[in-house]
Amino acid sequence: MRPADPSPPAKKQTRVLLSLVGLRKTFDGFNAVDSVNLQVMENEFLTIVGPSGSGKTTLLRMLAGMDQPSDGDIVLRGNSIVHLSPNQRPTCMVFQSLALFPHMTVGQNIEFPLKMRKVSASARNERAYKLMQMVRLPETYYGKNVMKCSGGERQRVALARAFAYDPEILLFDEPLSAIDYRLRKTLEKELRDLHRQSGKTFVYITHSLEEAMVMSDRIGVMQAGKLVQLGTPEQIYARPVNRFVAEFMGETNVLPVRSDSRGGWIVHGLAGSFKVEGNGDALEGFAIVRPESVRALASAGDADNCLRGAITNEYALGSRVQYHIAVGKRTMLMELPRGALAGGSASNEILIGWNAADAVFVTQ
Amino acid sequence: MPAGRRCALPVLILLALGFAAPLIAVLAFSFAQPRTFEAFATFSLANYAEIFDPANTVWTSFAWSLGFAAATVAILTVVAYPIGIGLVRVFGRWSPLISILFVFPLFISENVRLYGWVLFFLKNGVLDGALRLVGGHGPDLLFSPGMTLFGMVYTYLPFMLFPTVLGLSLQPADLVIAARDLGASRFQAWRDIELPLAMPGLLIGMLLTFVLATGAVAESKIVGGQSVIVITHDIETAFTYAQNWPLGSALSVLLTVVIGGVTLVALSKLDLDRILGRK
């Protein structure tokens, strides 16, 4: 692991760099990307997350100019770029496959965009070494066959090559998905630092919300071609707009609830009345209760909502432990720091609960 | 004996008997006294002396063979590359059918197919006959060096096409898109990425067709009508009508040396590992 970057975070710009206006892409009558409106701010690290088939890759390819939108516009600083080919756009994509040129050395790969611009050999060379230093590739790698590099080294080559193009916006198509966990964590942090140092705008797509949380200034969540939520990592985590976003974040308790019209709420499959912070007039919906919001209680009055159940399973998640607790017809998930639950009773009976303010109410 | 060597033994014996032995026999005969049938008994350079005698015109047969082969390779490269691009990237679900159509002629004997072309181009044949019906007449193309070349291009097209297609299909499609994204124009992306990556497949095809075309004899005999004599024809004549095995052997050895030389040079520039995506 590298030491923390000493330079202060770049001042966040609020100017709009790129606007996607009603962007739509139709394949055989199917809307892969459906009327996406999105503004990318200058210097921001924006991550689009979504499961496979949610249209995030298609969205990115339209930004890069590799796919033509069926409808809508892409506007860069007030000028439409939708009709420009990839080589005319100030965007550059780091592919999932990295798309390194196998017949070239590390140096030749990095210099490729400069060579295309007919930059002199000596200037190319100088720039390549600077970029290699930036992405932490040893100088000796300049002449190395790119296919003999390790996975992490190839990532760095691809990154340096994209930077050599000197784009205003770097696009990332899940470049870390094939990397093992430890290295991925390192590269995530490096990428965030690189974003900060370079002052470029990054648009990153991934299916891992965890990855998005680590790196991004803002996160957009895509579902079936639509951008369903856009916000800071905190907003996405704390205030998911629907079940899909909440569940995409990770395992969570989704409780179907309806108002008993006397101020209390009925949870499907559980006995009793519950406290839920509803949303306006909605009488029906789902209460999202994160496993880490569920606590083990000493007595029934310690939380707004309280349930008695039995632990059926427990899973060690590193520093935390996840418990599956059977309550009525439901199984509740609870996550506690390791060791927090002192030696349980022989019957596995447990009293759990959560506060109404820790749950999020969504209507769909 | 280690298991590897023990298992390889049958193949080694087969190669020794089926591949090395005939070559050694030919080599030995090439140093035998002219017009004798005893190899290993005598040693003579007379056969080579005869070939290299300035008065001997057998070099023209060599020149025709190598010239035809080179021209065949050149034409096939230009023809097969675009077809290969089409099969791999453009034709989509028509590709398998078109590929099969290219393979199909291989199920029919080469000589039969060449006689088919003779019937097609013959006076009062398919083409000429059809044109006569409408008051014209067909071009007089048969039995010429040009027709020999046509026959060779026709015969060896699949041998050029399939290595080319293999090379192209092993190439990730991302790379050209990435090159364009990195600022390359269409031409630059083709020159710097597509073509170099297609080269191994093309080179294998070129090598294969060159070797096959240098040894070709049926084309010059059937559609070329022996308008020019190629070296394989000379070798055949030496072994059959002339009953001069040592001379035929010496010609064979020289042809083998030429083809072997070209092959080695080409292979030294070729990276099979990369073609197969192993590196």
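The values are calculated or read from the model by the stated rules, or taken from the named source; none is laboratory data. Keep in mind that this is a model prediction, so the values were computed, not measured. Please note: Cβ atoms are built from the backbone with ideal geometry, for glycine as well, and neighbour counts cover all protein chains shown.
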**Study point:** Those strands (runs of 3 or more DSSP E) lying entirely in region A:24-132 with at least 2 residues within 13 Å of chain B (Cβ to nearest Cβ) and out of contact with any Gly (no Cβ under 6 Å at 6 or more places or on another chain)
**Key:** A:91-94
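Condition check ((1) touching a strand residue (DSSP E or B) at 6+ places or on another chain (Cβ under 9 Å); (2) under 25 Å from A:T26 (Cβ atoms); (3) not assigned by TED's automatic domain parsing to the domain that holds A:V33) across all residues:
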residue: A:G65; (1), (2), (3): yes, yes, no
residue: A:Q68; (1), (2), (3): yes, yes, no
residue: A:P86; (1), (2), (3): yes, yes, no
residue: A:M93; (1), (2), (3): yes, yes, no
residue: A:Q96; (1), (2), (3): yes, yes, no
residue: A:P113; (1), (2), (3): yes, no, no
residue: A:S120; (1), (2), (3): no, no, no
residue: A:R124; (1), (2), (3): no, no, no
residue: A:A128; (1), (2), (3): no, no, no
Review point. Within region A:133-175, can you find the residues that are without any contact (Cβ under 8 Å) to a residue 60 or more places away in the chain, assigned to a helix (DSSP H, G or I) and among the aliphatic types (A, V, I, L, M)?
Key: A:V146, A:M147, A:V157, A:A160, A:A164
Exercise for review: Say whether the condition of being over 30 Å from A:R15 (Cα atoms), more than 14 Å from every other protein chain (Cβ to nearest Cβ) and either of a type in the set (A, V, I, L, M) or within 21 Å of the chain's Cα centre (by Cα) (or both) is met by at least one residue in region A:192-206.
Suggested key: no
Review point. Hey, does region B:221-244 have a residue that's surrounded by fewer than 18 Cβ atoms within 10 Å (Cβ to Cβ), of a type in the set (A, V, I, L, M, F, W, C), within 30 Å of B:V165 (Cα to Cα) and touching a Ser or Thr at 6+ places or on another chain (Cβ under 8 Å)?
Key: no
Exercise for review: List the helices (runs of 4 or more DSSP H) that sit entirely inside region B:140-190 and contain at least 1 residues that are buried (at least 20 other Cβ atoms within 10 Å of the Cβ), more than 14 Å from every other protein chain (Cβ to nearest Cβ) and in contact with a helix residue (DSSP H, G or I) (Cβ under 8 Å, 6 or more places away or on another chain).
Suggested key: B:145-169
Exercise for review: Mind listing just one residue for me: the one in region B:191-203 that is surrounded by 23 or more Cβ atoms within 10 Å (Cβ to Cβ) and not small (G, A, S) and, of those, nearest to the chain's Cα centre (by Cα)?
Suggested key: B:P200
Practice item. Confirm whether A:E111 is on the phi < 0 side of the Ramachandran plot, at pLDDT 95 or above and not β-branched (V, I, T). Key: yes
Review point. What number of residues within region A:275-298 satisfy the criterion of being free of Cβ contacts under 8 Å to residues at least 40 places away in the same chain and over 30 Å from the mean Cα position of the chain (by Cα)?
Key: 2
Exercise for review: Exactly one condition in (1) closer than 26 Å to A:G50 by Cα; (2) touching a Phe, Trp or Tyr at 6+ places or on another chain (Cβ under 7 Å); (3) not assigned by TED's automatic domain parsing to the domain that holds A:V36 is not met by A:V228; state its number.
Suggested key: (3)
Point to revise | Elements of type strands (runs of 3 or more DSSP E) in region A:180-287, at least 1 residues being among the hydroxyl-bearing types (S, T, Y) | key: A:201-206, A:253-259
Practice item. Could you tell me which of the residues A:L336, A:L307 is buried (at least 20 other Cβ atoms within 10 Å of the Cβ), in a strand (DSSP E or B) and not polar (S, T, N, Q)? Key: A:L307
Check your understanding: Residue check: is A:P291 modelled with pLDDT of 85 or more and within 20 Å of A:R239 (Cα to Cα)?
Key -> yes
